[in-house]
Amino acid sequence: ETRPASLSTTPLASAAGGGAGPAAATCPTATCPTAACPAAASSAAAASASAGRTGAGAGARSGAGSAAAGGGGGVQLTRAVSDSHYPRGPLLILWGSQTGTAESFGKVLAEEARQRGFDARSLDLEEYAPERLAEEDEAPVVFLMATHGEGEPTDNAVPFYSFVEAERMGTNLKSLRFAAFALGNKQYQHFCAMGKWVDAKVSALGAERICPLGLGDDDDDLDGDFERWRETLWAALCPGGGGGGGGGGG
């Protein structure tokens with residue numbers, strides 16, 4: 001920037017940080033009109049240019065900061081990453097287990113689901129609020145139901161069973177998609193009773209069955225039964241690319 005030769009300059013302290021700012025032009029003629037003074041015009045132009053440069057720098061820094069904040073996380077970015085990892089959306093696994101077998105099957109199923117692009121959760125039925133089932137319109141629900149004693153629910157499935165049997169569920173589960181695998185032993189009279197119960201009950205309340213009920217016989221080959229049923233489940237949930245996986249737990 002070029003200043004008139006007849007003008008002298010003196011440093012002007014920056015109001016913001018104390019550093020050197022744009023030089024203030026001093027008029028050699030004390031009586032010149034302010035509005036027409038070349039020094040005043042030069043000083044105003046210098047101040048305007050400096051303010052423009054400062055504003056641009058601050059804007060650039062602010063923009064960079066905003067970009068960094070946007071790239072570092074937040075709801076939208078987290079959702080995008082989640083969606084890219086789990087393009088098939090959520091899947092809920094609810095298990096009723098007495099000795100831990102159905103629970104272990106739930107872990108196997110959840111791991112396979114994640115490998116296939118589902119954001120899968122495996123939950124103890126006792127920790128799940130039964131009234132929420134009518135609201136599961138986004139996540140398919142998979143029941144893994146063991147039978148205890150003479151056709152009775154496992155201890156952790158009693159609250160869910162009682163809620164449904166008392167008809168507190170309502171009669172509209174039309175938004176729900178579900179599948180069920182029953183764990184039992186053919187040596188008992190009420191073979192796989194709880195799995196059969198949940199499959200029939202939820203279907204009667206209007207839910208859509210994803211695949212046929214699976215029956216697992218602990219007196220024969222429970223792990224093999226579960227593996228074969230998983231192949232059917234994945235074929236229904238992942239058409240064209242959802243084959244079965246490894247064997248289940250004991």
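The values are calculated or read from the model by the stated rules, or taken from the named source; none is laboratory data. All values derive from a computational prediction rather than experimental measurement. Here Cβ is always computed from backbone atoms with ideal geometry, including for glycine, and neighbour counts include all displayed protein chains. Quick note on the areas: whole protein, heavy atoms, side chains included, nothing else; ligands and nucleic acids left out. Shrake-Rupley method; radii C 1.70, N 1.55, O 1.52, S 1.80 Å.
Hey, among Leu109, Leu133, which residue is open to solvent by less than 30 Å² (accessible area, probe 1.4 Å), part of a helix (DSSP H, G or I) and at pLDDT below 95?
Matching residue, one of Leu109, Leu133: Leu133.
Does at least one position in region 145-159 carry a residue that is surrounded by 15 or more Cβ atoms within 10 Å (Cβ to Cβ) and without any contact (Cβ under 8 Å) to a residue 40 or more places away in the chain? Yes, some residue in region 145-159 is surrounded by 15 or more Cβ atoms within 10 Å (Cβ to Cβ) and without any contact (Cβ under 8 Å) to a residue 40 or more places away in the chain. Hey, any hits in region 164-186 for a residue that's surrounded by fewer than 18 Cβ atoms within 10 Å (Cβ to Cβ), more than 24 Å from Thr101 (Cβ to Cβ) and β-branched (Val, Ile, Thr)? Checking region 164-186: at least one residue is surrounded by fewer than 18 Cβ atoms within 10 Å (Cβ to Cβ), more than 24 Å from Thr101 (Cβ to Cβ) and β-branched (Val, Ile, Thr). Which of the residues belonging to region 136-168 are part of a strand (DSSP E or B) and more than 29 Å from the chain's Cα centre (by Cα)? Passing the criteria: Ala146, Thr147, His148, Glu152, Pro153.
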